[in-house]
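Pasting a structure here, questions to come.
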Amino acid sequence: MPLVKVEILKGKSDSYKKTLLDCIHQSLVSAIGIPDNDRMQRLYELDAANFETKDDKTDAFTLIEITLFMGRSREAKKKLYGTLVSSLKGSLGISPDDVFIVLHEVPLENWGIRGGQMADEVNLGFAVKV
């Protein structure tokens with residue numbers, strides 16, 4: 001149940017934004033094994049005045065923050081980063097240098113899901129320790 005927050009500069013087409021979100025989701029499915037129907041993503045479009053980056057970044061700069069259950073291995077995270085950057089380059093032409101990914105790992109007991117149950121007391125239906 002990753003929560004995805006994406007920040008980009010305003011001005012991209014609806015098709016671009018949909019492809020961006022699809023690339024992120026499919027990378028999560030293939031790299032860390034979340035179910036395909038487990039999708040919660042938010043896209044924020046910012047004016048240039050509200051989104052400062054280093055001078056070497058282009059208008060395609062994409063900041064991706066993913067909050068997810070704690071427990072993925074270093075290898076799974078590395079696979080996620082590589083898969084995601086490759087997908088964005090192949091599908092949207094975004095340079096790997098314009099992609100910044102941050103993972104926020106939260107212990108299962110800090111998630112209230114499925115009617116307020118603690119996530120560590122629920123059968124999630126997928127493996128977290130990958």
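Using the Karplus curve 6.51 cos²θ - 1.76 cosθ + 1.60 with θ = phi - 60°, work out ³J(HN,Hα) for each residue of the range 30-39 in order, rounded to whole Hz, and write x for Gly and Pro.
Running phi through 6.51 cos²θ - 1.76 cosθ + 1.60 with θ = phi - 60° gives 6, 8, 10, x, 6, x, 4, 8, 8, 9 Hz.
Okay, next question. What are the ³J(HN,Hα) couplings of the range 96-112, residue after residue, when phi is run through the Karplus curve with 6.51, -1.76, 1.60 and θ = phi - 60°? Round to Hz, x for glycine and proline.
Each residue of the range 96-112 in turn: x, 6, 9, 10, 10, 10, 10, 9, 10, 9, 10, x, 3, 5, 9, 10, x Hz.
Once you treat every alpha carbon in the chain as an equal point and sum by Debye, what is log10 I(q)/I(0) at q = 0.16, 0.17, 0.18, 0.21 Å⁻¹?
Normalising to I(0) and taking log10 leaves -0.82, -0.90, -0.99, -1.25.
Follow-up. How would the range 7-52 be classified by its alpha-carbon gyration tensor: rounded, prolate or oblate, with rounded meaning a/c under 1.5 and the a/b versus b/c comparison settling the rest?
Working: a/c = 3.10, a/b = 2.28, b/c = 1.36.
Prolate is the answer for the range 7-52, as a/c is 1.5 or above and a/b outweighs b/c.
Would you grab the residues whose amide H sits under 5 Å from the one on Leu46? Only those 5+ places off in sequence or on another chain, please, with H modelled 1.01 Å from N.
Hits under the 5 Å cutoff: Ile8, Leu9, Lys10.
Residue by residue, what Karplus-based ³J(HN,Hα) values in Hz, rounded to whole numbers, does the range 56-69 have, using 6.51, -1.76 and 1.60 with θ = phi - 60° and x for Gly and Pro?
3J(HN,Hα) across the range 56-69, in whole Hz: 8, 8, 9, 5, 8, 3, 10, 9, 10, 10, 10, 9, 8, 4.
Laboratory data are not the source of any read-out in this text; all were calculated from the coordinates shown. Remember, predicted model here, so these are calculated numbers, not experimental data.
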